[in-house]
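Before any comments, here is the structure.
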Amino acid sequence: MQSLGNNDEEAALTLGASGWQTFVKITLPNVKWSLLYGVLLCNARAMGEFGAVAVVSGKIRGLTTTMPLHIEILYNEYMSAAAFAVASLLALLALVTLAMKTWLEWRFADEIAARSGH
Amino acid sequence: MSVSVTLENVAKQYGAFAAVRGVSLAIQPGELIALLGPSGSGKTTLLRMMAGLEAIDGGNILFDGIDTSRLSLRDRRIGFVFQNYALFRHMSVADNIAFGLKVRTRNERPSASEISRRVSGLLELVQLGGLEKRFPSQISGGQRQRVALARALAIEPRVLLLDEPFGALDAKVRKDLRQWLRDLHR
């Protein structure tokens with residue numbers, strides 16, 4: 001947002017837009033792809049969280065576990081089938097995230113091209 | 001529709017650096033004024049202060065004798081064409097021009113049909129008929145310049161400020177647009 005500058009916002013203000021209108025109609029649309037990209041990466045990071053959750057939350061099953069922690073719990077209880085099922089699910093989610101990230105990067109590249117052409 | 005603009009001892013300070021020092025200027029309604037000076041001499045700062053984008057550190061700016069420091073940006077009703085045009089890149093040409101009308105409060109806003117009528121009128125005026133669905137990245141520099149001008153004119157400004165409006169254009173387009181702007185002003 002800093003690199004975009006506030007030229008567009010200033011233009012909107014001189015045209016009589018309020019601060020809120022400027023934010024919703026100008027600022028948000030300008031950053032929406034970067035914002036979505038950030039949310040996605042953050043989500044991927046959260047999904048794989050292991051150590052911090054284990055130490056801080058006390059890993060109570062069904063309440064404060066993440067998927068990797070859940071896999072560990074199942075594995076330690078010799079429930080291999082369940083552990084592998086959850087692991088496959090996690091791998092699948094990772095693939096979905098990767099696909100979305102690739103798609104976003106592809107979309108985002110268009111936006112960047114449009115921007116530099118501006 | 002246009003007003004007289006009076007600057008009284010306007011000053012602007014950026015830290016220790018005096019960007020604008022005691023400028024006084026009286027502009028009559030309907031007058032076309034150009035500010036000349038080397039880069040860094042404060043032309044843009046002066047325009048931005050008149051538009052209300054920059055706070056003034058001293059002096060007064062009056063529109064028709066009314067001190068503008070108490071007016072909001074919206075109430076000043078100024079058309080401002082930026083050096084780099086600052087078109088909204090996620091909006092089509094028509095939406096860019098209509099923006100200033102669409103953001104008005106409900107009781108001041110023209111109807112949707114009135115807005116589209118005015119947008120096509122402005123597109124005709126700046127000779128860009130047929131380009132309303134294009135995006136800013138899909139038109140040339142001279143066309144962007146005219147879109148920026150149409151967008152500023154859409155709000156029926158009392159004062160039109162142009163910050164180096166032809167700086168980014170080649171000599172030929174610049175000459176044409178300058179002539180065109182003079183005709184428009186008349």
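The values are calculated or read from the model by the stated rules, or taken from the named source; none is laboratory data. These numbers come from a predicted model, not from an experiment. Using ideal geometry, Cβ is built from the backbone for each residue, glycine included, and neighbour counts are taken over all protein chains shown. For the accessible areas, the whole protein counts, side chains as well, though only heavy atoms, and no ligand, DNA or RNA atoms are used. Shrake-Rupley method; radii C 1.70, N 1.55, O 1.52, S 1.80 Å.
How much accessible area is lost when chains B and A come together, counting both sides, with a 1.4 Å probe, in Å² rounded to the nearest 100?
2100
Keeping every protein chain present and rolling a 1.4 Å probe, give me the accessible area per residue for the protein assembly as shown in Å².
Counting only protein heavy atoms, the per-residue value for the protein assembly as shown is 56 Å².
For B:Leu181, what charge total do you get from the other residues with a beta carbon under 12 Å from its beta carbon, if Lys and Arg give +1 and Asp and Glu give -1?
Once positives and negatives cancel, what remains is +4.
Can you run phi through the Karplus equation (6.51, -1.76, 1.60; θ = phi - 60°) for the stretch B:89-95 and list ³J(HN,Hα) in whole Hz, with x for Gly and Pro?
6, 9, 10, 5, 4, 5, 5
For B:Tyr14, A:Tyr37, A:Tyr78, B:Tyr85, give the ranking by accessible area with the largest first, probe 1.4 Å.
The ordering from most to least exposed comes out as A:Tyr78, B:Tyr14, A:Tyr37, B:Tyr85.
Of B:Asn9, A:Leu63, B:Gly167, whose Cα points farthest to the positive end of the dipole of the protein assembly as shown (charges on the beta-carbon: +1 Lys, Arg; -1 Asp, Glu; origin at the Cα centre)?
Positive-most Cα among the choices belongs to B:Gly167.
Among B:Ala98, B:Phe63, B:Gly40, which residue has its Cα positioned farthest towards the positive end of the charge dipole of the stretch B:37-186, with +1 placed on the Cβ of Lys and Arg, -1 on the Cβ of Asp and Glu, and the dipole taken about the Cα centre?
B:Ala98
Whenever you get a sec, compute what percent of the accessible area on the protein assembly as shown sits on carbon and sulfur atoms (1.4 Å probe).
59
In degrees, nearest 10, range 0 to 90: what is the angle between the Cα axis of helix B:171-185 and the longest Cα principal axis of chain B?
80
Per DSSP helix of 4 or more residues, -39500 (n - 2.57); summed, then divided by the residues of the protein assembly as shown. What does that give at 222 nm, rounded to the nearest 500?
The helix contribution divided over the protein assembly as shown gives -15500 deg cm²/dmol.
Report, to the nearest 10°, how far helix A:28-47 tilts away from the longest principal axis of the Cα atoms in chain A, using its own Cα long axis and a range of 0 to 90°.
Orientation of helix A:28-47: about 10 degrees from the principal axis.
What does the charge add up to near B:Ser140, with Lys and Arg as +1, Asp and Glu as -1, over the other residues with Cβ less than 14 Å from its Cβ?
That works out to +3.
Kindly write out, for the stretch B:17-29 in residue order, the coupling ³J(HN,Hα) from the Karplus curve 6.51 cos²θ - 1.76 cosθ + 1.60 (θ = phi - 60°), rounded to whole Hz, with x marking Gly and Pro.
The phi angles translate into 8, 8, 6, 10, 10, x, 8, 10, 7, 10, 10, 7, x Hz.
Distance between the C-alpha centers of the stretch B:99-148 and the stretch A:20-49? Whole Å please.
The distance from the Cα centre of the stretch B:99-148 to that of the stretch A:20-49 comes to 29 Å.
Can you compute the charge dipole magnitude of the stretch B:27-76 about its Cα centre, using +1 on each Lys and Arg Cβ and -1 on each Asp and Glu Cβ, nothing else charged? Give it in debye, rounded to the nearest 20.
Taking the Cα centre of the stretch B:27-76 as origin, the dipole is about 160 debye.
With +1 on each Lys and Arg Cβ and -1 on each Asp and Glu Cβ, how big is the dipole of the stretch A:10-118 about its Cα centre, in debye rounded to the nearest 20?
It works out to roughly 140 debye.
I need the phi-derived Karplus couplings for the stretch B:64-80: 6.51 cos²θ - 1.76 cosθ + 1.60, θ = phi - 60°, integer Hz, Gly and Pro marked x.
Per residue, the Karplus-derived 3J(HN,Hα) values read 6, x, 9, 5, 7, 4, 8, 8, 6, 4, 5, 6, 5, 6, 10, x, 10 Hz.
Which value results when the Cα radius of gyration for the protein assembly as shown is divided by 2.2 N^0.38 Å?
1.38
What is the local net charge at B:Pro29, summed over the other residues whose Cβ is closer than 13 Å to its Cβ (Lys, Arg +1; Asp, Glu -1)?
-1
Please figure out what share of the DSSP beta bridges in the protein assembly as shown is antiparallel and state it in percent, rounded to the nearest 5.
Of those bridges, close to 80 percent are antiparallel.
Taking a cut-off of 20 Å between Cα atoms, list the lysines near B:Lys43, but don't count ones fewer than 8 places away on the same chain.
Filter leaves B:Lys12.
Tell me, what are the semi-axes, in whole angstrom and largest first, of the equivalent ellipsoid of the stretch A:7-116 as set by the roots of 5 times the Cα gyration tensor eigenvalues?
Rounded to whole Å, the semi-axes are 42, 18, 8.
Considering only DSSP beta bridges whose two residues both sit in the stretch B:1-89, what percent are antiparallel, to the nearest 5?
That works out to approximately 100 percent antiparallel.
Between B:Gln28 and B:Ile66, what is the spin-label point distance in nm, taking each point 7 Å from the Cα along the Cα→C-beta axis?
2.3
Can you give the mean number of other chain Cβ atoms that lie within 10 Å of the Cβ atoms in peptide B:18-31?
0
In peptide B:80-90, how many Cβ atoms from other protein chains are near each Cβ within 10 Å, on average?
Rounded to a whole number, the mean comes out at 6.
Could you check the simple spin-label distance between A:Tyr75 and A:Ala99, using points 7 Å along Cα→Cβ, in nm with one decimal?
The answer from the label model is 2.6 nm.
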